[in-house]
Amino acid sequence: EIVVESLLIQTQTPLVAWHVFSFAAEEAGSEALPYLESLWQGWQAQGYRLVSLGELVADLDRESLPYAEIRRGHLPERKKTLCLQWEEF
């Protein structure tokens, strides 16, 4: 619950128009479901509208977005190789 509370505190006052929340269900397992439900309810109470990435991308002005190189890499807390944002161009 501490993680849920921390995330909800950080999203109380929106700094940007939208947030992307990534969750690795295959690593967390079904025991994470109650935490996800709490997050979902908390974000809805904060006025967020939860949408798919497809819906989010459809509403973006792609010409005004910065571009960055994507490379494969590792993060210390993750076992698998990830795609990581690199330098903007």
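Lys and Arg at +1, Asp and Glu at -1: add these up for the other residues within a Cβ distance under 11 Å of SER38 and post the number. So the surrounding residues net to -3. Sorted largest first, the spans of the alpha carbon positions of the stretch 23-89 along the three principal axes are 40, 32, 17 Å.
Normalised by the number of residues in the chain, the mean separation of alpha-carbon contacts (under 8 Å, six or more apart) gives a relative contact order of 20 percent.
Of all accessible surface on the stretch 1-48 at a 1.4 Å probe, what whole percent is carbon and sulfur? In the stretch 1-48, the share of accessible area belonging to carbon and sulfur is 60 percent.
Counting only Cβ charges, +1 for Lys and Arg and -1 for Asp and Glu, the dipole size of the stretch 1-69 around its Cα centre is about 240 debye. What the stretch 1-76 shows is 83 Å² of accessible area per residue, with the surface traced by a 1.4 Å probe over protein heavy atoms. Positive-end ranking of LEU15, PRO66, SER52 along the dipole of the chain, with charges on Cβ about the Cα centre, is headed by PRO66.
The values are calculated or read from the model by the stated rules, or taken from the named source; none is laboratory data. The model shown is predicted, which means the values in this text are computed figures rather than measured ones. Note that each Cβ is placed from the backbone with ideal geometry, even for glycine, and that neighbours are counted across all protein chains shown. The protein model used for the area step is the full one, side chains on, heavy atoms only, and it has no ligands, DNA or RNA in it. Shrake-Rupley method; radii C 1.70, N 1.55, O 1.52, S 1.80 Å.
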